[in-house]
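Here is the structure we will look at.
Values quoted throughout were computed directly from the atomic coordinates according to the rules given, and no laboratory measurement underlies them. A quick note: this is a predicted structure, and the numbers were derived from the prediction, not measured. Note that each Cβ is placed from the backbone with ideal geometry, even for glycine, and that neighbours are counted across all protein chains shown.
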Amino acid sequence: MNKEIATPIRTKAILDKYGFSFKKSLGQNFLIDTNILRKIVEAAGITGETGTIEIGPGIGALTEQLAKVSRKTVAFEIDQRLLPILADTLSPYQNVKVIHHDFLKANVPAVIEEEFGPDTDLVVAANLPYYITTPIIMKILEERLPVRAIVVMLQKEVADRISAKPGSKDYGSLSIAIQYYTRAETVMIVPKTVFVPQPNVDSAVIRLSVRKEPAVSVMDEQFFFEVTRASFAQRRKTILNNLTSQLAGGKEKKDKILAALRTAEIEPSRRGETLSLEEFARLSNALMPSFR
Ligand code: SAM
């Protein structure tokens, strides 16, 4: 019987057999440590009933571990050269479907409908291509794909920003966008040595448990995110100065911004990084009538 794909020896044999050369531009850093993969699978709470969606299977290292425990795995891979390799490495698993598509451009709801049908317990699990980690996560959340959790490997620095709390240097509009939709936790920090080729940065696995309802109630989501982005435009500026300079028509409406800050009970001299999600929600709701 073949060894598992994610061992250094088997990975090397597969890469040699196909003469595969890594494309840095596609974020190709393959995992060669089955323990880490098992921890990803464990963190996702996958059972025999669970359907899994993977982004970027590579040569199938994680896909294999997902296939062993879940009902079915659908994996999106952009690199055509990997398709024959995956057909070979994943041939023992009948419950895997590889789709040759850019995940960012894919009609994922249609794929879910076709491959899993309604009411399936669904999770996303991936060792993400690092050049597009945020767009991939935001696509899953903004399109409100019916998934229970997202468990992914990404740059440690991005994981820190995603799970940051108010008052910390990492807290910003990304923390708010993701915590609005999910509960975010870091599962583990991962050393560079478990990848070929080794990336330049440290990595981490995070679990995003998707909330049934967003963390806070806002009148207009788009405007809420606009206000949070504006508030962090220049981190050293006060919330009043950032909103006045960043919101369209902000300079002329300074009085209205001051009034909204008063209504939301937020001191104009505070900095964006000190505001909680609740405070941003109160603020954007109070600003709405003047800006929308
Ligand atoms: N899952 C494998 C592993 O852990 O060894 C490979 C992970 S590697 C970090 C990222 C994978 O994503 C590569 O196979 C790459 O070709 C693929 N990829 C890059 N951009 C993609 C995109 N937009 N859509 C789908 N797959 C993509």
Rounded to the nearest 10, the angle in degrees between the Cα long axis of helix 254-263 and the longest principal axis of the Cα atoms of the chain comes to 80 degrees
By the mean-Cβ-within-10 Å protection proxy, highest first, 91-97, 269-275, 280-286 rank as 280-286, 269-275, 91-97
In what order do 14, 9 fall by count of nearby beta-carbon atoms within 10 Å, going from fewest to most?
9, 14
Given the convex hull of the Cα atoms of the range 46-142, what is a quarter of its surface area in nm²?
5.9 nm²
Using only Cα atoms and rounding to the nearest 10 degrees, what angle (0 to 90) does helix 133-142 make with the longest principal axis of the chain?
70 degrees
Note the angle between two axes, namely the Cα long axis of helix 277-291 and the longest principal axis of the Cα atoms of the chain, as a number of degrees from 0 to 90, rounded to the nearest 10.
60 degrees
Which listed pairs, of 39/72; 68/212; 12/192; 156/192, have C-alpha distances above 21 Å, in listed order:
68/212
How large is the dipole of the range 120-223 about the Cα centre if only Lys and Arg carry +1 and Asp and Glu carry -1, each at its Cβ, rounded to the nearest 20 debye?
220 debye
Treating the chain as a set of equal point scatterers at the Cα positions, no solvent, please give the Debye-formula log₁₀ I(q)/I(0) at q = 0.11, 0.12, 0.13, 0.17 Å⁻¹.
-0.69, -0.79, -0.88, -1.27
Sorted from largest down, give the three principal axis spans of the alpha carbons of the range 217-292, whole angstrom values.
28, 27, 21
Fluctuation leader among 54, 64, 278 - the chain, Gaussian network, Cα springs under 10 angstrom
278
Rounded to the nearest Å, the spacing of the alpha-carbon centers of the range 58-79 and the range 238-254 is 47 Å
Net charge near residue 181: determine it from the other residues with C-beta under 9 Å of the C-beta of residue 181, scoring Lys and Arg +1 and Asp and Glu -1.
+1
Given Cβ point charges of +1 (Lys, Arg) and -1 (Asp, Glu) and nothing else, what value in debye, to the nearest 20, does the dipole of the range 235-292 about its Cα centre take?
260 debye
Long-range amide H contacts for residue 97: which residues qualify at under 5 Å (H placed 1.01 Å from N, peptide plane, sequence gap of 5 or more or a different chain)?
73, 74, 75
